[in-house]
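Working notes, structure below.
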Amino acid sequence: RTIYLNGSWMPEGEAKISPFDRGFLMSDGIYEVTCVLDGKLVEYEGHAARLQRSARALDLNLPVDEAELLVLHREIVARNGLEQGMIYLQLTRGAADRDFIFPPMDTPSTLFMFTQAKDVLGNPAAEAGISVVTVPDLRWGRRDIKTVQLLYPSMAKMEAKAKGADDAWMVEDGVVTEASSATAHIVSADDRLITRDLSHALLPGITRASVLELAAAHGITVEERAFTVEEAQAAREAFITSATNFVIPVTSIDGARIADGKPGPLTQVLRALYVDTRRAAAI
Ligand code: PLP
């Protein structure tokens, strides 16, 4: 692969990042994942806007302007001939002597991007659905910022795997916050789409926003509020959303089947609507 690092393009094996980079030492960095379909960027504007928001929230200096950022995204797709998959972008506070105090603002930040091919359209989970187990949400209190602190979500996924499940849903104060790397949604018995309201507790998913908009346009009542594990287990449908998963049905939670244990019909409609409209709008 050809990667981008601090203004240069290079084969991935030639990239060098200092061991003093605060991304390694302090998890002092943010990231974004943008899906690529047909060699085009899916929901680019949303991901670019969230990157700016995360950077502002942590006083991180994004060394490229809006126009350059789009050029870089397009160029990394072209240089790698990527048709389907994702672009990963990471921005950290750069390298400095190890200190809890941030280095001066003029310390060069570290910005890199790479691509990863993935058959996102042919994901078998879209047809089969996934099983999830619940775990306590032990992450920090600013989950609305997309930081590189992914140790706990990684542990949650390992726990799910050890239990024979596909993913973990995280629970705090008796209610679901989100999946380990996706937004959690349920469909109630009276066909309302229920998803957690935005706050510092969860990431404002770009796919979430689109799916809520599509559901409302489709005549579905959307309720943004917290829900319990018990409510989710008794729901008519459950699903997750994320940039590279789009919409994936959840068919069991902690061993309890959701309805008949098959992917829900509204979930499938929303996936099809999402893929069709966002693929057509990709840039
Ligand atoms: N929640 C968490 C914790 C995530 O890591 C992600 C990332 O994929 C999401 C939600 C979904 O966000 P998006 O739809 O912007 O990919």
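The values are calculated or read from the model by the stated rules, or taken from the named source; none is laboratory data. All of these numbers come straight from a predicted model, not from anything done at the bench. Every residue, glycine among them, receives a Cβ derived from its backbone with ideal geometry; neighbour counts consider all protein chains shown.
Within the stretch 131-153, residues that are free of Cβ contacts under 8 Å to residues at least 60 places away in the same chain and outside the structural domain of LEU60 (by TED's automatic domain parsing) reach partners that are of a type in the set (Lys, Arg) and in a loop (DSSP other than H, G, I, E, B) with beta carbons closer than 7 Å, at six or more positions or on different chains, in the pairs TYR152/ARG139.
Residue-by-condition table, conditions (1) in contact with a helix residue (DSSP H, G or I) (Cβ under 9 Å, 6 or more places away or on another chain); (2) under 17 Å from THR244 (Cα atoms):
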site: GLU43; (1), (2): yes, yes
site: ALA57; (1), (2): no, no
site: GLY81; (1), (2): no, no
site: ALA95; (1), (2): yes, no
site: PHE100; (1), (2): yes, no
site: PRO103; (1), (2): yes, no
site: ALA125; (1), (2): no, yes
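Filtering the stretch 200-225 to residues that are basic (Lys, Arg) and within 13 Å of the ligand (Cβ to nearest atom) leaves only ARG208.
If you go through the stretch 21-43 and pick out every residue that is over 16 Å from ASP144 (Cα atoms), within 12 Å of the ligand (Cβ to nearest atom) and touching a strand residue (DSSP E or B) at 6+ places or on another chain (Cβ under 6 Å), you end up with 3. Whether any residue in the stretch 209-217 is in contact with a Phe, Trp or Tyr (Cβ under 7 Å, 6 or more places away or on another chain) and of a type outside the set (A, V, I, L, M, F, W, C) is what I want to check. For the stretch 209-217, residues in contact with a Phe, Trp or Tyr (Cβ under 7 Å, 6 or more places away or on another chain) and of a type outside the set (A, V, I, L, M, F, W, C): present. For PHE239, the test of being at pLDDT 95 or above, within 15 Å of the ligand (Cβ to nearest atom) and among the aromatic types (Phe, Trp, Tyr) is passed.
The single condition among (1) outside the structural domain of ARG271 (by TED's automatic domain parsing); (2) touching a helix residue (DSSP H, G or I) at 6+ places or on another chain (Cβ under 9 Å); (3) not hydroxyl-bearing (Ser, Thr, Tyr) that PHE112 does not meet is (2). Residues that are of a type in the set (Val, Ile, Thr), in contact (Cβ under 8 Å) with a residue 60 or more places away in the chain and within 19 Å of LEU62 (Cα to Cα) within the stretch 95-130 comprise just one, THR110.
Within the stretch 203-231, residues that are under 18 Å from ALA189 (Cβ atoms) reach partners that are among the aromatic types (Phe, Trp, Tyr) and within 16 Å of the ligand (Cβ to nearest atom) with beta carbons closer than 9 Å, at six or more positions or on different chains, in the pairs VAL229/TRP169. Candidates ILE248, ILE194, ILE283, ILE258: the one that is modelled with pLDDT of 95 or more, of a type in the set (A, V, I, L, M), surrounded by 23 or more Cβ atoms within 10 Å (Cβ to Cβ) and under 20 Å from the mean Cα position of the chain (by Cα) is ILE248. Here is a check on your reading of the model: is VAL175 surrounded by 18 or more Cβ atoms within 10 Å (Cβ to Cβ) and either at pLDDT below 95 or outside the structural domain of THR92 (by TED's automatic domain parsing) (or both)? Judged against the criteria, VAL175 is not a match.
Just name the residue that is nearest to ALA165 (Cα to Cα) out of those in the stretch 254-283 that are among the charged types (D, E, K, R) and touching a residue at least 60 places away in the same chain (Cβ under 8 Å). That would be ASP254. Selection within the stretch 175-191: residues that are assigned to a strand (DSSP E or B) and within 9 Å of the ligand (Cβ to nearest atom). The member of this set that is nearest to the chain's Cα centre (by Cα) is ALA182.
Scanning the stretch 26-65 for residues that are among the aromatic types (Phe, Trp, Tyr) and assigned to a strand (DSSP E or B) yields a count of 1.
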